[in-house]
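The structure appears below as structure tokens.
The values are calculated or read from the model by the stated rules, or taken from the named source; none is laboratory data. Every value quoted in this text rests on a predicted model; they were computed, and no experiment measured them. Virtual Cβ from ideal backbone geometry, glycine too; neighbours counted across all protein chains shown.
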Amino acid sequence: MVVALVLILGLVVGSFLNAVIYRLHAGVSFMKGRSYCPLCKHDLGWRDLVPVISFFMLWGKCRYCRKGISWQYPLVEIGTALTFLALYWRFDLSAEFYVLLAYASLLIIIFVYDLRYYLILDRVSIPAFCIAIVGSLFVLDISILSLVIGVAIGGGFFSLQYAVSRGKWIGGGDIRLGAVMGAMLGYQKLLIALFMAYVLGSLVGVGLIASHRKGWKSKVPFGTFLAAATILVFIFGDRILDAYTTAISF
């Protein structure tokens with residue numbers, strides 16, 4: 001029963017995140033007004049807004065203008081639901097679980113927005129940083145020292161790359177996202193997340209180049225990999241740290 005409720009919550013939140021992503025890009029407040037088709041602007045009824053189900057019932061087309069609906073919508077809904085389920089599997093219905101749901105939701109927005117538009121918005125990363133400071137110190141029990149070092153490493157690491165490359169390798173949004181990651185994870189898990197992000201980015205990048213979908217000088221939405229790695233570390237970070245600690249103790 002709880003698993004079903006967590007999945008439903010993830011689907012509903014994923015649907016909301018889709019609306020936030022669209023409205024952020026359109027410059028429209030996501031706190032006002034009804035949901036509408038981004039193509040014909042027709043208000044949507046409840047039948048059009050059932051996560052995942054409506055997409056397939058409508059054959060991926062708007063009920064009113066019959067134009068195609070982006071696959072982003074069901075994929076984000078399903079991805080959010082699976083992320084919530086993984087966090088429930090790891091943390092049960094604890095205080096940590098609810099805080100990490102909020103963290104993951106913000107990171108999913110960053111993941112999708114950077115993937116689609118090659119931009120990490122301050123309107124997302126700055127609130128995420130503030131929420132992370134409070135949640136990590138008072139719920140996740142990350143020490144002030146670990147948090148400060150994590151923020152310094154996360155922001156400093158990307159600031160150095162930005163300075164050396166004069167903004168050619170990364171953008172300012174990556175610097176702020178690095179600080180967010182440090183606040184959410186603390187410095188030890190941050191290092192794991194950075195390593196994972198570069199491995200994921202390299203594997204995907206090589207695959208895209210090999211398939212001729214990208215060139216060596218093509219832009220890569222690195223915030224997408226940073227966000228994904230951070231969520232993975234929420235779930236597996238403790239086990240990775242334990243395995244590393246055991247390995248070096250021999």
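Report, by residue number, each residue of the stretch 197-233 that is over 16 Å from Asp114 (Cβ atoms) and at pLDDT 95 or above.
Leu232, Val233
Take the conditions touching a Ser or Thr at 6+ places or on another chain (Cβ under 7 Å), modelled with pLDDT of 90 or more and of a type outside the set (Phe, Trp, Tyr) and apply them to Met184. Does it pass? Don't jump to the end; show me each part of the working.
On the way: touching a Ser or Thr at 6+ places or on another chain (Cβ under 7 Å): yes; modelled with pLDDT of 90 or more: yes; of a type outside the set (Phe, Trp, Tyr): yes.
When the stated conditions are applied, Met184 passes them.
What number goes with the only condition from (1) touching a Lys or Arg at 6+ places or on another chain (Cβ under 8 Å); (2) more than 22 Å from Ala132 (Cα to Cα); (3) without any contact (Cβ under 8 Å) to a residue 24 or more places away in the chain that Leu58 does not pass?
(1)
Matching residues to (1) touching a residue at least 60 places away in the same chain (Cβ under 8 Å); (2) assigned to a helix (DSSP H, G or I); (3) buried (at least 23 other Cβ atoms within 10 Å of the Cβ):
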| position | (1), (2), (3) |
| --- | --- |
| Gln161 | no, yes, no |
| Val164 | no, yes, no |
| Gly167 | no, no, no |
| Gly178 | no, yes, yes |
| Gly182 | no, yes, yes |
| Gly186 | no, yes, yes |
| Leu191 | no, yes, no |
| Phe195 | no, yes, no |
| Tyr198 | no, yes, no |
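Please go through the stretch 206-232 and give me each residue that is touching a helix residue (DSSP H, G or I) at 6+ places or on another chain (Cβ under 9 Å) and part of a helix (DSSP H, G or I), ordered by number.
In the first step, residues of the stretch 206-232 are kept if they are touching a helix residue (DSSP H, G or I) at 6+ places or on another chain (Cβ under 9 Å); the result is 213-216, 218, 220-232.
Answer for the stretch 206-232, where residues must be touching a helix residue (DSSP H, G or I) at 6+ places or on another chain (Cβ under 9 Å) and part of a helix (DSSP H, G or I): Phe222, Gly223, Thr224, Phe225, Leu226, Ala227, Ala228, Ala229, Thr230, Ile231, Leu232.
Could you list, ordered by first residue, the pairs with Cβ atoms under 7 Å in which the first is in the stretch 217-236 and over 16 Å from Thr80 (Cα atoms) and the second is acidic (Asp, Glu), at least 6 apart or interchain?
Pro221/Asp114; Phe222/Asp174; Gly223/Asp114; Gly223/Asp174
Collect the residues in the stretch 19-49 that are free of Cβ contacts under 8 Å to residues at least 24 places away in the same chain and either surrounded by 15 or more Cβ atoms within 10 Å (Cβ to Cβ) or in a helix (DSSP H, G or I) (or both), keeping them in residue-number order.
From the stretch 19-49, those free of Cβ contacts under 8 Å to residues at least 24 places away in the same chain are 19, 22-23, 26-36, 38, 41-48; that's our starting set.
Correct list: Ala19, Tyr22, Arg23, Ala26, Phe30, Ser35, Tyr36, Pro38, Leu44, Trp46, Arg47, Asp48.
Pairs under 6 Å by beta carbon, first residue within 18 Å of Gly172 (Cα to Cα) in the stretch 133-159, partner assigned to a helix (DSSP H, G or I) and of a type in the set (Ser, Thr, Tyr), six or more apart or different chains?
Gly150/Tyr187; Ile153/Tyr187
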